[in-house]
Every structure is written in structure tokens, then in C-alpha cells.
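Written below as C-alpha cells is the structure these notes are about.
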Amino acid sequence: QLLVESMAAPPRLLADLQLTDATLAGPLFGQPVDLSAGRLGGEAQLIALGHSPAGLLATLSGSAKLRARDGVLVGLDLGAAAVAAAQSSLAEAEAGLRDALAGGATAFETLNAGLRIADGQAHVTESSAALVGGSTASGEGTIDFAHGRLDLRLLTRPVAEAPMVGLRLTGPVAAPRRLLELADFLRWRAEH
């Protein structure tokens with residue numbers, strides 16, 4: 001349901017959206033790390049006030065949830081990260097982790113994400129994925145719709161009892177920088 005109250009002062013946009021069991025056959029958001037296949041569901045309750053698109057984005061508030069199953073996340077290969085982390089040589093483990101977090105694809109069984117949105121900024125309130133092969137991943141961060149920027153982290157624990165490794169996407173939404181977060185894991189590997 002979408003309602004536009006153009007005569008209100010200021011004009012208001014209200015949305016109550018639901019998606020049930022939709023099939024995704026290509027990238028969802030057009031981002032370097034993106035959902036590219038799976039069955040999707042979710043809901044969003046949003047409100048925005050303003051006379052222009054910029055005003056609407058700056059006042060966007062509400063919440064959203066996304067659920068996906070039997071899908072693929074492109075832009076990193078978390079299965080390869082687990083294999084790389086188990087290499088006997090620290091140098092091979094590091095090189096493999098860098099490759100795995102630089103590109104590829106990750107098959108997942110389930111993925112859940114929740115957003116709390118206030119004043120044009122979305123904060124990830126929950127994010128988890130059960131990956132094919134038994135490992136898990138999570139996410140955290142913010143998306144600033146008003147300024148077109150993001151700061152998101154995708155994390156996984158490639159070896160039980162080890163620190164997490166991650167990929168951080170930060171900067172402009174259209175072209176975020178990819179920063180690998182491996183230092184804690186590599187230090188742990190060197191000590192064990």
C-alpha cells in the first residue's frame with residue numbers, strides 16, 4: 001500500500017509494503033556485494049515528509065525486513081574463505097582469504113536482515129545468514145539515504161574459536177570502497 005498526501009504541509013509519503021516468496025533472477029541492488037538469486041520475502045513500513053526527493057530521503061523513517069532462502073550472494077566467496085583459513089601456511093591462508101573476500105559467490109540456505117530507519121539513515125538491526133556447507137555470516141552497519149553513503153560490514157568466522165574475518169564496504173553507495181578485515185584472524189593464526 002502506498003499513500004501520497006500531497007495536500008499535507010509538508011507533503012507526506014506513507015508506504016506499507018509486503019513481498020512474499022518472490023523469485024530473484026538477477027542482482028537486487030546493483031551493488032558490488034549483492035543478492036543475485038533466491039526466493040525473497042519481507043516487509044517495510046515507511047514514512048517521509050518533504051517537497052522534493054532530497055527532502056523525502058532526508059526524513060525517511062520506519063523499518064524494513066528482508067528474508068531470502070536458497071540464494072546466492074555475489075561479490076565474495078565465504079566458502080572459499082573457510083577453505084583458505086584452514087591452510088597450513090599462514091601466507092597461503094592470508095592470500096586465500098584476500099582472494100575469497102575480493103570476489104566470487106556465496107550460496108546460502110537462509111538470509112535475514114532488518115533495518116531501523118530514522119531521519120534518512122538506516123541501521124542494520126539484525127543480519128544473519130546460514131551458508132551452504134554449515135557456516136554462518138552476519139552483517140552490521142548503516143546506510144545514509146540522504147547523503148548516498150554507506151558503511152557496512154559482512155563478517156564470518158572461518159575457523160571455530162577464531163576471530164571473525166570481514167569485508168567492509170564504505171563510502172558512496174554508487175562506488176563503495178572494499179576494505180578487508182583480516183588482522184585479528186591473522187594474528188590469532190600466527191599465535192596458534
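So the values come out like this:
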| read-out | value |
| --- | --- |
| Accessible area expressed per residue, segment 35-192, with surrounding protein chains retained (probe 1.4 Å, Å²) | 49 |
| GNM top mover of His147, His123, His51 - the chain, alpha-carbon springs below 10 Å | His51 |
| Cβ-defined net charge surrounding Ala44, 13 Å radius [Lys, Arg +1; Asp, Glu -1] | +1 |
| Only Lys, Arg (+1) and Asp, Glu (-1) charged, at Cβ; the chain dipole about Cα centre in debye | 200 |
| Value of Rg to Rh for segment 86-157 (Rh from inverse mean 1/r over Cα pairs, i.e. Kirkwood) | 1.08 |
| Column: log10 I(q)/I(0), Debye, Cα scatterers of segment 41-106, q = 0.13, 0.25, 0.27 Å⁻¹ | -0.62, -0.95, -1.02 |
| Rh by Kirkwood over Cα pairs, then Stokes-Einstein D for the chain at 0.890 mPa s and 25 °C, µm²/s | 137 |
| Contact order normalised by residue count of segment 1-72, Cα under 8 Å, 6+ apart, percent | 29 |
| The chain: relative contact order in percent, alpha carbon pairs under 8 Å with at least 6 residues between | 14 |
| Under-5 Å amide H pairs with Leu131, H placed in peptide plane, nonlocal only | Glu109, Thr136, Ala137 |
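The values are calculated or read from the model by the stated rules, or taken from the named source; none is laboratory data. Keep in mind it's a predicted model, so treat the numbers as computed, not measured. Here the Cβ is made from the backbone with ideal geometry for all residues, glycine too, and neighbour counts use every protein chain on show. Note: accessible area is taken over every heavy atom of the protein model, side chains too, but ligands, DNA and RNA are not part of it. Shrake-Rupley method; radii C 1.70, N 1.55, O 1.52, S 1.80 Å.
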